[in-house]
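In what follows, a structure is listed as structure tokens, so that the remarks can point back to it.
The values are calculated or read from the model by the stated rules, or taken from the named source; none is laboratory data. Keep in mind it's a predicted model, so treat the numbers as computed, not measured. Cβ coordinates were reconstructed from backbone atoms using ideal geometry, including for glycine residues, and neighbour counts include every protein chain displayed.
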Amino acid sequence: MEIVNNISEMRQHRSQLTTPIGFVPTMGYLHEGHLSLVREAHTGNKTVVVSIFVNPTQFGPGEDYKKYPRDIKRDLVLLEEEKTDIVFMPQDEELYPENFSSYVDAGEITTRLEGASRPGHFRGVVTILAKLFNIVQPDSAYFGQKDAQQLLVIRKMVADLNMHLEIIAVPTVRTPDGLAMSSRNTYLTTKQRRAATVLYRALTFSQYLWDGGENNSETIRQQMISLIKKESLADIDYVSIADVETLKEIDEINPPVLVSMAVKFGKTRLIDNIVLK
Ligand code: AMP
């Protein structure tokens, strides 16, 4: 496994790699969710490149950029076990020099859900991915369904800017009690961790209500909200039932639809979603 810390070295390696190349961008502090992307990347490619970069431009003021969990040593052990070919860990100063000024904006879809709650977040996400795609030049890049809106936004950028790579979605990996794996779960206290299972309980409740014949999305949304509010530690940011493509809220359910939410436990903000079938 090669560890590459700068852009010119990455480009040099790139020219010698066996194609097709699968790419897994991450912010590190890896868990089984990330590793499932790496495994998926292995199935369709000859070479797998993983990046670890905590991207400052996707964090808003007052968010957790400074204290985002980091454990590079452990990450490298896990990636070595997964037979990763190259780990790209660029430096902040090289990706964002003082005179950096060009950003990519994927438009309307970034104004909804996560974009509405975290202004500027997707501009940062899309910009860093455009840069990483230009540097690594992968044939395919792998992203988790856990960040459903991120997937849509990236697909939009790739289509709009005619980028020559395939975006592949990988299902959400959960702990046995249903909580979606996330680097941010580490912030939770024991009580918050227990309460956080309410996200997946509320999502599966929506599927249950739909299966039982309820097709009014506001009725389902309100029942989900009541369920979540039973957990006193949960502070709802949004619960959404939206079109899977446009992310516009819908009145009547006509699957597939995206049921998604953001809920805070203390300062820790968790997101999760399912696609109603
Ligand atoms: P992050 O390091 O949080 O930026 O995540 C890097 C990639 O891993 C993104 O494509 C995420 O959607 C994906 N990911 C994070 N958590 C999970 C999970 N529990 N299951 C599947 N993919 C995940």
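Would you check if Leu78 is touching a strand residue (DSSP E or B) at 6+ places or on another chain (Cβ under 7 Å), within 26 Å of Leu179 (Cβ to Cβ) and in a helix (DSSP H, G or I)?
No.
Working only within segment 36-48, note down all residues that are in a helix (DSSP H, G or I) and more than 9 Å from the ligand (Cβ to nearest atom).
Val38, Arg39, Glu40, Ala41, His42, Thr43, Gly44
Are any residues in segment 158-175 near the ligand (Cβ under 9 Å from one of its atoms) and touching a residue at least 40 places away in the same chain (Cβ under 8 Å), and if so, which ones?
Within segment 158-175, Val170, Pro171, Thr172, Val173 meet the criteria.
(1) at pLDDT 95 or above; (2) surrounded by 14 or more Cβ atoms within 10 Å (Cβ to Cβ): which one isn't true of Ser8, the others all being true?
(2)
Quick one: which of Thr19, Thr26 is farther than 20 Å from Gln145 by Cα, in contact with a Ser or Thr (Cβ under 8 Å, 6 or more places away or on another chain) and polar (S, T, N, Q)?
Step by step, each of Thr19, Thr26 is checked, and only Thr19 is farther than 20 Å from Gln145 by Cα, in contact with a Ser or Thr (Cβ under 8 Å, 6 or more places away or on another chain) and polar (S, T, N, Q).
What's the number of the only condition in (1) out of contact with any Pro (no Cβ under 8 Å at 6 or more places or on another chain); (2) within 25 Å of Lys67 (Cα to Cα); (3) crowded, with 19+ Cβ neighbours inside 10 Å that Val158 fails to meet?
(2)
Collect the residues in segment 138-157 that are among the charged types (D, E, K, R) and more than 13 Å from the ligand (Cβ to nearest atom), keeping them in residue-number order.
Asp139, Lys156
Given the condition among the aliphatic types (A, V, I, L, M) and within 17 Å of the chain's Cα centre (by Cα), answer yes or no: does some residue in segment 193-203 qualify?
yes
Working carefully through the options Leu276, Leu247, Leu258, Leu270, find the one that is closer than 24 Å to Arg194 by Cβ and not β-branched (Val, Ile, Thr).
Leu270
Pull up segment 49-73, narrow it to residues that are outside any loop (DSSP other than H, G, I, E, B) and within 14 Å of the ligand (Cβ to nearest atom), then point me to the one that is surrounded by the most Cβ atoms within 10 Å (Cβ to Cβ).
If we take residues in segment 49-73 being outside any loop (DSSP other than H, G, I, E, B) and within 14 Å of the ligand (Cβ to nearest atom), then Val50 is surrounded by the most Cβ atoms within 10 Å (Cβ to Cβ).
State whether the residues of segment 209-221 include one that is under 30 Å from Gly22 (Cβ atoms), at pLDDT 95 or above and not charged (D, E, K, R).
Here is the first cut: in segment 209-221, the ones under 30 Å from Gly22 (Cβ atoms) are none.
No.
Condition check: within 16 Å of the ligand (Cβ to nearest atom), without any contact (Cβ under 8 Å) to a residue 24 or more places away in the chain and hydrophobic (A, V, I, L, M, F, W, C). Does Leu203 satisfy that?
The answer is no for Leu203.
Say we look at segment 13-35 and pick out the residues that are aliphatic (A, V, I, L, M) and in a loop (DSSP other than H, G, I, E, B); which of these is nearest to the ligand (Cβ to nearest atom)?
Filtering segment 13-35 down to residues aliphatic (A, V, I, L, M) leaves 17, 21, 24, 27, 30, 35.
Then keep just the ones that are in a loop (DSSP other than H, G, I, E, B); that gives 17, 27, 30.
On the way: Leu17: 21, Met27: 4, Leu30: 8 Å.
Per the criteria, the residue is Met27.
Looking at Arg112 and the list (1) under 22 Å from Val48 (Cα atoms); (2) more than 10 Å from the ligand (Cβ to nearest atom), which single condition is not satisfied?
The single condition Arg112 does not satisfy is (1).
Out of all the residues in segment 186-203, which are among the polar types (S, T, N, Q) and closer than 11 Å to Asp272 by Cβ?
Once the filter is applied, which keeps residues that are among the polar types (S, T, N, Q) and closer than 11 Å to Asp272 by Cβ, segment 186-203 yields only Thr197.
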